Amino acid sequence: MDAIFLQILNGLDKGGAYALIALGLTLVFGTLGVVNFAHGALFMLGAFCAVSLNLLLNLEKVVVDPSQTTPWGTPLEIRTPYLQEWFGDFGTWMIDYSVPLSLLLVIPFMLMVGVAMERGLIKHFYKRTHADQILVTFGLAIVVQEIIKANFGANPIPQAAPDIVAGSMDIGAALGMDPNTIVYPYWRMVYLFFAAVVIGGVFAFLHMTTFGMVVRAGMHDRETVGLMGIDIDRRFTIVFGLAAVVAGMAGAMYTPTLPPDYHMGMDFLVLSFVVVVVGGMGSLGGAVAAGFLLGILQSFASMTEIKSFLPGIDQIIIYLVAVVILLVRPRGLLGQKGVMED
Amino acid sequence: MSADNNKHGVSRRDFIKTTGGIAVASAMPMFFVKNAWAEGGFPNDPGKAKSITLGFNVPQTGAYADEGADELRAFKLAVKHLNGEGDGGMLNTFKPSSLKGNGVLGKKVEYVTGDTQTKSDAARSSAKRMIEKDGVLMISGGSSSGVAIAVQSLCNEMGVIFMAGLTHSNDTTGKDRRKYGFRHFFNTEMSGAALAPVLEKEMGNDRVAYHLTADYTWGWSQEGSIKKYTEKLGWKTAEAVRTPLGAGDFSQYITPVLNSGADVLVLNHYGKDMVNSLTQAVQFGLRDKQVNGKDFQIVVPLYSRLMAQGAGENVKGIYGSTNWNWSLQDEGSQAFVKSFGQEYGFPPSQAAHTCYVQTLLYANACEVAGTFNPCGVIEALEGFKFDGLGNGPTEYRAEDHQCFKDVLVVRGNMNPTSQFDLLEVVQITPRAQVEYPADMLGGELGPCKA
């Protein structure tokens, strides 16, 4: 029972990340009709915003101490973060909270990146085939990856969660069960809560604001909305920026769970596309539901009990589900008629 | 075009074009390998040329790119020292040495580089290009056993020496050993033999281990060796779970550990996988856990400083083994750390060390043999005993081309004094304790062809 509970938690946590990426992918596809293979790179860029802020906050004052030498004979450098020197405890607090604080950097930066990407590149491919769109966005993803690798190296760069949520919670003990049976990291719970808030926020934005209403109308019938004198293209550009912000925030907050490296976006992208297909192309609700569903299924498939009679099932479960869904319900779980059916 | 020609379906022009094309295509490989088996009767014989070329095939992209970059730094430093530039590094401590600092056999050493991408097919293509197009006499490098075994096999087929870089699987000098391949790095069998006594001392005999293992040749090899030696101590193995290479999020593999009854988690992971699995295991509170009345422990059988840097605080107090560490105080290690540190501003990794040493050992074997002929070089390397290269007295065993030397058991440093001071050497396991019979791991070297 405890093992099942833990795998559900794992699945929800992982599903949260899938859902956030898939949500952005679906938004872009639903509004602009573009299959954006660079979306994973946006997730990775967000993660590296967190890394960059951490590096910035940890900029050190270097004092060379000629009385001491390194093992290779050069004078020893003594390093102290400027923030600690200037602001004392407040400086230490800022360094400790660098991951959540990075959202302040991620939001404007990713909005800028998203808008620039759409205006500078993607818009030239609206009328091209999906194959062209995939090729150009995939190429862009590789370029972004290589830029990150050239600047940050290939190894993962660990980011610490704030001390207050660095440990793990004994959920079992809290629920009156044996202690140490259900233990779960605080940060993963924070991430799950964060994913729920962002998903809720995006849905609220699309359903409770005039802007969102226009965007949804545009998703259904772009031409008619245009004929009503609304500059739908400008709104769709902002939606692309919004999708980039969601992906970026998802990436930044994921860094304490998975030390980021240049390839992390690609690892998530393929799975997120499967999530979008399973959820139904263009369906925001479907993307979220499929994200959580596939996250949970993947976690269960990794259980030793299941792997003992179905070896390797954890590797193929997501694709297996995708195949079954596409055979039984080609539009995906919540897909709409006419979308991607031409 | 005459009607006659059309009757047969092939025109004269078509015939000439086709046969010409076939002739050019057939000549292509000869053009690229024209130097491969030149006058001396062995591949890429430099003859009277003033320089020789070595091929450094390292991962410049992919998961092990940072280790590859460090390997490349070491190779460049070795070439510099062989050509008599710089402070000479380990050339000054290596004994018995025939190296004079004037290149190899009086010829200047040059090099070409390739990118293995940590993929066997890419590594083989790159090595093939170096042999056929660049005329290299020796290939070295690599940060993965899968790649090392693939390139070693290719080099053996093509009659070129392969001085393996970082490869830890038993198979490299076990069942997949080759006449033209040599490994200075230790293997999983030695890791198990070196680690077990320390684990017994620190954790006792009554333990239950849970293995998470990277699902490829090296992971299987390490899991087998660690199980073999820990079970000899009296430990039980609760479960050994294979994880896909590059899984990223290991949470679904870690949560079953919590209630498995195991009190030790063995992470048979390397590189990015190790950084992720260790970080996540610590996040799940495994290190704060008490099971069977004992503190839960994590073991990382193969450690590297570059990985420790990636895992940050999480490595503190965790045991593992390593081929070499820059903090060693012997004369050879100090000379290498000094040269490398002055050149690049930071200490070398174990990957850099083994690559540097392999280059020197190859060059020395050529000097001893008095020829670049691989058969002569192999003869000089087989059974070669040496010292002053950082691991104490060492021998290249003739039967399997595996180096036997002391093995380091390390622990994540609890109080690091710098960003590089991440591993603390807790024991230098003497060579005698990690030696095993040459036929234990199977395999045949095969003959020398030239």
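The values are calculated or read from the model by the stated rules, or taken from the named source; none is laboratory data. Because the structure is predicted, anything quoted here is derived from the model rather than measured. Neighbour counts run over all protein chains shown; Cβ positions are idealised from the backbone, glycine included.
Miscellaneous remarks
- A residue that is modelled with pLDDT under 95, under 22 Å from B:ALA311 (Cβ atoms), within 14 Å of chain A (Cβ to nearest Cβ) and not in a helix (DSSP H, G or I) can be found somewhere in the stretch B:215-238.
- Counting only helices (runs of 4 or more DSSP H) that fall entirely inside the stretch A:36-102 and contain at least 1 residues that are in contact with an Asp or Glu (Cβ under 6 Å, 6 or more places away or on another chain), the qualifying elements are A:89-96.
- Selected residue (criterion: farthest from the other protein chains (Cβ to nearest Cβ)) from residues of the stretch A:162-182 that are in contact (Cβ under 8 Å) with a residue 60 or more places away in the chain and touching a Gly at 6+ places or on another chain (Cβ under 9 Å): A:ILE182
- Residue check, A:ALA150 at the interface with chain B (Cβ under 10 Å from one of its Cβ atoms), on the phi < 0 side of the Ramachandran plot and among the small types (Gly, Ala, Ser): no
- Some residue of the stretch A:83-101 being exposed (fewer than 14 other Cβ atoms within 10 Å of the Cβ) and within 12 Å of another protein chain (Cβ to nearest Cβ): no
- In the stretch B:400-439, of all residues being β-branched (Val, Ile, Thr) and within 23 Å of B:VAL337 (Cβ to Cβ), the one that is modelled with the lowest pLDDT corresponds to B:THR417.
- Within the stretch B:341-383, the residues that satisfy the criterion of being outside any loop (DSSP other than H, G, I, E, B), farther than 30 Å from B:VAL425 by Cβ and of a type in the set (A, V, I, L, M, F, W, C) are B:CYS366, B:VAL368, B:ALA369, B:CYS375, B:VAL377, B:ILE378, B:ALA380.
- Search result, residues across the stretch A:259-290 that are within 14 Å of chain B (Cβ to nearest Cβ) and either of a type in the set (Phe, Trp, Tyr) or touching a Gly at 6+ places or on another chain (Cβ under 6 Å) (or both): A:TYR262, A:GLY265, A:MET266, A:ASP267, A:PHE268, A:LEU269
- The stretch B:46-73 - residue that is under 22 Å from B:VAL377 (Cα atoms) and buried (at least 22 other Cβ atoms within 10 Å of the Cβ) and, of those, farthest from the other protein chains (Cβ to nearest Cβ): B:ILE52
- For the stretch B:298-316, filtering for residues that are within 14 Å of another protein chain (Cβ to nearest Cβ) and either of a type in the set (Lys, Arg) or closer than 24 Å to A:GLY167 by Cα (or both) leaves 11.
- Scope the stretch B:42-72; condition in a loop (DSSP other than H, G, I, E, B), more than 16 Å from B:ALA352 (Cβ to Cβ) and at pLDDT 80 or above; matching residues: B:PHE42, B:ASN44, B:ASP45, B:PRO46, B:GLY47, B:LYS48, B:ALA49, B:LYS50
- Of everything listed in (1) part of a loop (DSSP other than H, G, I, E, B); (2) assigned by TED's automatic domain parsing to the domain that holds B:PRO347; (3) charged (D, E, K, R), the single unmet condition for B:ASP421 is (2).
- Residues within the stretch B:389-418 that are of a type in the set (Gly, Ala, Ser) and assigned to a strand (DSSP E or B), tallied: 1
- So B:PHE386, is it in contact (Cβ under 8 Å) with a residue 24 or more places away in the chain, buried (at least 17 other Cβ atoms within 10 Å of the Cβ) and part of a strand (DSSP E or B): yes
- Those helices (runs of 4 or more DSSP H) lying entirely in the stretch A:236-333 with at least 1 residues charged (D, E, K, R) and either at pLDDT 90 or above or surrounded by 24 or more Cβ atoms within 10 Å (Cβ to Cβ) (or both): A:313-328
- Hey, B:SER327 within 14 Å of chain A (Cβ to nearest Cβ) and of a type in the set (Ser, Thr, Tyr) or not: yes
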